[in-house]
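Asker: Have a look at the structure that comes next, please.
All of the numbers you see were taken from the coordinates with simple rules; none came from a lab. Quantities reported herein were computed from a predicted structural model and do not represent experimental measurements. So basically every Cβ, Gly included, is an ideal-geometry build from the backbone, and we count neighbours across all protein chains shown.
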Amino acid sequence: MLILRAPAKLNLFLQVLGRRADGFHLLQTCYQFIDRCDRVTLRARGDGAVCRVLGPASVPAEQDLAVRAALALKAASGTRLGCDIEVEKHVPQGGLGGGSSDAAAVLLGLDHLWGLGMSREALARIGLTLGADVPVFVHGQAAFAEGVGELLTPVSLPEPWYLVLVPQVAVPTAAMYQVAELTRDSAPIRLRALFAGLRQGNLTNAFEEVVRARFPAVDEAL
């Protein structure tokens, strides 16, 4: 049995540079982890079954990223082993990467429990099939991200205290990407400009205006 902490992340800034032919958006962002974590418990099974014992009630088991991560790793590795998965949620859903972090914890934990010996790079490639921000949780280091979020440059960042507000409203990320007024043609920035912007506090998130306009609770909180 393994018990793992699956941390939340913040996007210290986010800008959209364009959209690919397949509909995915090209972006730049900076991921930083915080110490608010889900608790993921894994138990190996000899019968090959992947069972969710505990998870978010609002997410069906077949859609749960933790379950999908276990199934993807099982398929990629060919192992005959299975597992029980318990996810005790402490990270609010939406924006903080809780589901992706849970998936990464499952990939890392089952690689150990199942004795697969896969590299983090290999696990990150599996994670990318589940979500663009799963790889950063697999690698477990703050990073400057490009592409659809999967091209990662590790960075060393200050570790201040953050105030995380949790308005009682669900913001669907996928739907926000489809909003007509979302800025999709931002000019790319370089790492030097990123660090300068973080120091000066003048970096922005492309979603802030569109979310505030649609969700009064978020606007009031900010």
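Asker: Which of rounded, prolate, oblate describes the range 174-222, given a ≥ b ≥ c as roots of the alpha-carbon gyration tensor eigenvalues and a/c under 1.5 marking rounded, otherwise prolate only if a/b is larger than b/c? Walk me through the intermediate numbers first.
Answerer: Working: a/c = 3.73, a/b = 1.52, b/c = 2.45.
Note, shape of the range 174-222 comes out oblate.
Asker: Based on the Cβ-Cβ distance from residue 156 to residue 2, what FRET efficiency comes out when R0 is 25 Å, to the nearest 0.05?
Answerer: Here the calculated transfer efficiency is 0.35.
Asker: What order, most packed first, do the peptides 168-175, 129-136 have when packing is the mean number of other Cβ atoms within 10 Å of each residue?
Answerer: Sorting 168-175, 129-136 by mean packing, highest first, produces 129-136, 168-175.
Asker: OK, next. Once phi is turned into ³J(HN,Hα) by the Karplus curve 6.51 cos²θ - 1.76 cosθ + 1.60 with θ = phi - 60°, what whole-Hz value does each residue of the range 208-217 show in order, with x for glycine and proline?
Answerer: With coefficients 6.51, -1.76 and 1.60, one gets 4, 5, 5, 6, 4, 6, 9, 10, x, 5 Hz.
Asker: For the range 186-222, which GluC sites (Glu not before Pro) are both in a DSSP coil and crowded by at most 10 other Cβ atoms within 10 Å? Intermediate results must be reported in sequence, preceding the final value.
Answerer: Working: sites: 208, 209, 220; in loops: none.
Nothing satisfies the criteria.
Asker: May I pose another question? Quick one: if you stick a label point 7 Å off each Cα along the C-beta vector at residue 129 and residue 191, how many nm between them?
Answerer: 3.1
Asker: Could you work out [θ]222 nm for the chain from helices alone, using -39500 (n - 2.57) per DSSP H run of at least four and dividing by all its residues? Round to the nearest 500 deg cm²/dmol. Before the final figure, lay out each step's value.
Answerer: On the way: 8 runs with 72 residues, N = 222.
Roughly -9000 deg cm²/dmol at 222 nm, from the helical runs in the chain.
Asker: Tally Lys/Arg at +1 and Asp/Glu at -1 over every other residue whose Cβ is under 11 Å from the Cβ of residue 142; what's the total?
Answerer: Surrounding charge for residue 142 is 0.
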